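No value in this document is a laboratory result; all are computed from the given coordinates. Computed from a predicted structure; not experimentally measured. With ideal geometry, Cβ positions are generated from the backbone for all residues, glycine too; neighbour counts draw on all protein chains shown.
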Amino acid sequence: MKVSVPIIALIILSTAVFAQSNVNQTLISLSNTHIMQIANDNVSSVSNSYIQSPTIFINMGNTNFTGIYSGQTGIAQMLANLTSYGTPYLYYVTNTSIIPINGTEYDINRDVWFVSQNQSYTLQIPYSATYVYSNGGWLISAEFFGSANHYGTAIPGFEAPANITTTILTSSVTTTVLQNITTTLLYTIPSQNGSSSGTAGGNGTGTPANQSSQAQQPSLLIVVGFILAIAIVILYLLSMRRKS
């Protein structure tokens, strides 16, 4: 049976869309786990997220640990500094975007809040990580806690993203709230402006670290792939009808 060129093109395009969607979901999941491990102050687990000699950049206002950290020693120093206000027991992640550099290298950009013990400080951080595909998996080669033009800040007291309420769990690390996590064909996310102060606890509804709202929001790539699959079926039926 001869397959038409449009059908072949649609098959190739739909395959690429599904493959890209899978990469995006994988990177978001890895990043979620990595941020949770930072909040846990677990050096060995955090170290497993990086290549052998990563470079980590920290640009944090109101702190004394802005600098460049390299290699395995740098990972331990970075973690010690980020948790020096008290091991975070609460954290938030919002405004995720994924930018492909090439087929084996991607940037993931997010906004991260780490709330320290007793809600005494909040680290509000524009976060970015470069993931590379190495030895059958995705690892971080470079990581940025604050950028050159947008540094992070250490804010006394409790801060959280706007329009989010929180439930504090009893374990050492508690709630991850993921918001506005969608994926478009351009791999960018509409940003969310501002943050607001609040009081954790009470009647809030948080999302546990192992339950991302990503799972509740269908990726646009999945929707596009589904539409392409329907288009392939329709074209196939039309081609068979012409032959008959």
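Using 0.36 nm per residue of separation minus the Cα-Cα distance, give me the extension gain between Q117 and N102 in nm, one decimal.
The Q117-N102 span can extend by a further 1.4 nm.
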Non-local residues with an amide H under 5 Å from the amide H of Y151, with H modelled 1.01 Å from N and Pro and chain starts lacking one, are none
Hull volume per residue for segment 53-159, using the convex hull of the C-alpha atoms, in Å³ is 104 Å³
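Once you list every other residue whose beta carbon is under 15 Å from the beta carbon of P54, what net charge do they have if Lys and Arg are +1 and Asp and Glu are -1? Write out the running numbers ahead of the final one.
Values: positive: none; negative: E105, D107, E143.
The answer is -3.
In nm, what is the difference between 0.36 nm times the number of residues separating N48 and Y133 and their Cα-Cα distance? Don't jump to the answer; show the numbers that get you there.
Working: separation 85, 0.36 × 85 = 30.60 nm, distance 1.39 nm.
29.2 nm is the gain from fully extending N48 to Y133.
In segment 39-69, which chymotrypsin sites (Phe, Trp or Tyr not before Pro) fall in coil by DSSP and have 11 or fewer other Cβ atoms within 10 Å? Each step should come with its number before you reach the end.
Values: sites: Y50, F57, F65, Y69; in loops: F65.
For chymotrypsin sites (Phe, Trp or Tyr not before Pro) across segment 39-69 that sit outside H, G, I, E and B with at most 11 neighbouring Cβ atoms in 10 Å, the list is empty.
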Simple spin-label estimate for Q72/T26, 7 Å along Cα→Cβ, in nm, reads 2.6 nm
